[in-house]
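One structure is given below, encoded as structure tokens.
The values are calculated or read from the model by the stated rules, or taken from the named source; none is laboratory data. Every value quoted in this text rests on a predicted model; they were computed, and no experiment measured them. Here Cβ is always computed from backbone atoms with ideal geometry, including for glycine, and neighbour counts include all displayed protein chains.
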Amino acid sequence: MIKGLILLAIILTIGLVGSVGAAGKNQKKNQKIDLLENATQVAPGVFYLGESMNKGKVVDGYAFVHYAKGSKSAARPKPVVDDKVDMYKLLFRGIKWANTMQYEVNPDDSGLGDDAVMTTLGASLDTWDTAITGDFELFGAIGTSDKTFVGYDNTNLVMWDNLGSDGIIAMNSFWFYRTTKEIVESDVVFNMQYNWSLSGESEKMDLQNIATHEFGHNGLADLYVSKSAELTMYGYSGYGETKKQTLGTGDISGIQVLYGE
Ligand SMILES: [Zn+2]
């Protein structure tokens, strides 16, 4: 517990040090943020961030890292036998939101227009919501934000920051109650070191493609077997790719297992 808090404090400190400075944001973003520096990799591309408290209950933090295909630092999972017909994997033991959630978005440093970013992220969220036709809607409204820190702070934030040049396209860090497995926060960071596109341009990362994948981490884990390569929750992406904008059968089955049809 204490150890976990210290770990979190270190992560917080890194974030704060990064965000202070007279020259402001641009100077900050010259420095790579490294949320993973003090985290423990528990599975390929999955990092444990430590524990914290929410309303007197323990929450655990994890991050899913999304790598560019073929990049040096990409997760190299051992081949696994995954003969599930539906091809989805839940986050550990079916971790999910208990209620509709919403994101705050900071489009700074995306290189894209603010309105276009909001519209595109909205489309990515709707893609998942449409698959859930019960009375539970996963995503509520998204609103703009001026927040720049990514960490456990009771805000679901989507933003761009400097995640370095080792092939990390984006990252989703999330926290959930250890006992009930209810998610209490999810933050998505896109790497500003990449050029981002709204139309699948080559040599850029398509925002809707990557965002739809990241939002799937509100219950679904990455897939690395080659037969899942066409699914939204496949663990790698490449330049100009747009196939993750639409869900595959496995993606739909997975989200429906958690949030109802
Ligand atoms: Zn992922």
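Some notes on this structure:
- Residue ID - nearest to the chain's Cα centre (by Cα), chosen from residues in the stretch 187-200 that are of a type in the set (A, V, I, L, M, F, W, C) and more than 16 Å from the ligand (Cβ to nearest atom): M192
- Residue check for I252: under 25 Å from T148 (Cα atoms) and either out of contact with any Phe, Trp or Tyr (no Cβ under 6 Å at 6 or more places or on another chain) or assigned to a loop (DSSP other than H, G, I, E, B) (or both): no
- So A229, is it within 16 Å of the ligand (Cβ to nearest atom), in contact with a Leu (Cβ under 6 Å, 6 or more places away or on another chain), over 20 Å from G111 (Cα atoms) and at pLDDT below 95: no
- Total residues in the stretch 163-193, condition in a loop (DSSP other than H, G, I, E, B) and surrounded by fewer than 23 Cβ atoms within 10 Å (Cβ to Cβ): 10
- Positions within the stretch 51-71 being under 15 Å from F176 (Cβ atoms) and under 17 Å from the mean Cα position of the chain (by Cα), in sequence order: D60, G61, Y62, A63, F64
- Leading residue by the ranking (surrounded by the most Cβ atoms within 10 Å (Cβ to Cβ)) among those in the stretch 201-224 that are farther than 23 Å from E137 by Cα and within 14 Å of the ligand (Cβ to nearest atom): L223
- Index of the failed condition, Y239 passing every other in (1) in contact (Cβ under 8 Å) with a residue 24 or more places away in the chain; (2) within 14 Å of the ligand (Cβ to nearest atom); (3) farther than 14 Å from D129 by Cβ: (2)
- All positions within the stretch 218-231 that are touching a residue at least 40 places away in the same chain (Cβ under 8 Å) and more than 13 Å from the chain's Cα centre (by Cα): L223, Y224, V225, K227, S228, L231
- Residue that is nearest to G238 (Cα to Cα) [pool: residues in the stretch 139-152 that are under 15 Å from the mean Cα position of the chain (by Cα) and either within 16 Å of the ligand (Cβ to nearest atom) or assigned to a loop (DSSP other than H, G, I, E, B) (or both)]: V150
- Among the candidates T212, T155, residue that is of a type in the set (V, I, T), over 15 Å from A68 (Cα atoms) and over 11 Å from the mean Cα position of the chain (by Cα): T155
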